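Heads up, the thing below is written out as structure tokens.
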Amino acid sequence: MSEPISKITKKYSVLIVEDDPLILDILVFKFNKKEWAVSSAMDGEVGLEKVAEANPDIIMLDISLPGISGYDVLVKLKETSDFASIPVLVLSNYGQPEEVNKSIQLGAVDHLIKANVIIDEVVDFATKIIDGTYTRDLKNNLPAQDLDD
């Protein structure tokens with residue numbers, strides 16, 4: 001009789017760069033609940049420092065941050081060879097088409113508008129990005145929904 005294979009759960013890691021303490025706490029709680037390793041920063045400069053420390057699988061990035069903006073963080077990440085391949089998911093109150101397009105043009109996987117998403121969905125979207133199963137719904141500026149989910 002062979003021994004059962006133990007199921008190994010892969011823990012992903014996320015760096016959340018968000019200056020709103022309430023949103024940050026909720027995101028940290030939701031990612032921890034899904035057994036992710038979580039690092040956080042409340043401004044762009046600290047966020048850039050934490051990328052080097054944490055080497056996250058994905059970065060959740062707000063645009064409106066004290067000090068350097070999320071756009072500037074995104075540019076610096078994509079210009080740094082060690083960090084350029086880390087997917088970045090922007091989660092921001094900025095929702096005008098030109099702001100969303102700017103995030104994408106600078107290298108974000110997507111730009112989600114805080115008022116349009118449920119926090120639990122953000123964790124699911126991050127998981128799909130890492131797994132390579134995430135697609136954008138360009139028509140509605142929302143991630144495409146899988147009917148099987």
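Within the range 110-122, being hydrophobic (A, V, I, L, M, F, W, C) and surrounded by fewer than 20 Cβ atoms within 10 Å (Cβ to Cβ) holds for Ile113, Ala115, Val117, Ile118, Ile119. Being out of contact with any Phe, Trp or Tyr (no Cβ under 7 Å at 6 or more places or on another chain) and either over 17 Å from Tyr94 (Cα atoms) or not aliphatic (A, V, I, L, M) (or both) is the requirement here; does Lys11 meet it? So Lys11 fails the test.
The lone criterion from (1) in contact with a Phe, Trp or Tyr (Cβ under 7 Å, 6 or more places away or on another chain); (2) under 20 Å from Asp124 (Cα atoms) left unmet by Glu18 is number (1). A Cβ distance below 8 Å, combined with a sequence gap of six or more or placement on separate chains, defines the contacts here; from the range 121-149, residues that are outside any helix (DSSP H, G or I) reach residues that are modelled with pLDDT of 90 or more and of a type in the set (Lys, Arg) in the pairs Tyr134/Lys128; Pro143/Lys128.
Among helices (runs of 4 or more DSSP H) lying entirely in the range 1-118, which contain 1 or more residues that are over 22 Å from Thr135 (Cα atoms) and touching a helix residue (DSSP H, G or I) at 6+ places or on another chain (Cβ under 7 Å)?
Of the helices (runs of 4 or more DSSP H) lying wholly inside the range 1-118, those with at least 1 residues that are over 22 Å from Thr135 (Cα atoms) and touching a helix residue (DSSP H, G or I) at 6+ places or on another chain (Cβ under 7 Å) span 21-33, 44-54, 70-79.
Tell me, which residue of the range 36-67 that is surrounded by fewer than 16 Cβ atoms within 10 Å (Cβ to Cβ) and touching a residue at least 40 places away in the same chain (Cβ under 8 Å) is nearest to Val123 (Cα to Cα)? Out of the qualifying residues, it is Asn55.
Would you say Val90 is free of Cβ contacts under 8 Å to residues at least 40 places away in the same chain, of a type in the set (Val, Ile, Thr) and crowded, with 22+ Cβ neighbours inside 10 Å? The answer is yes for Val90.
The values are calculated or read from the model by the stated rules, or taken from the named source; none is laboratory data. Just so it is clear, the structure is predicted and the values come from calculations on it, not from any experiment. Every residue, glycine among them, receives a Cβ derived from its backbone with ideal geometry; neighbour counts consider all protein chains shown.
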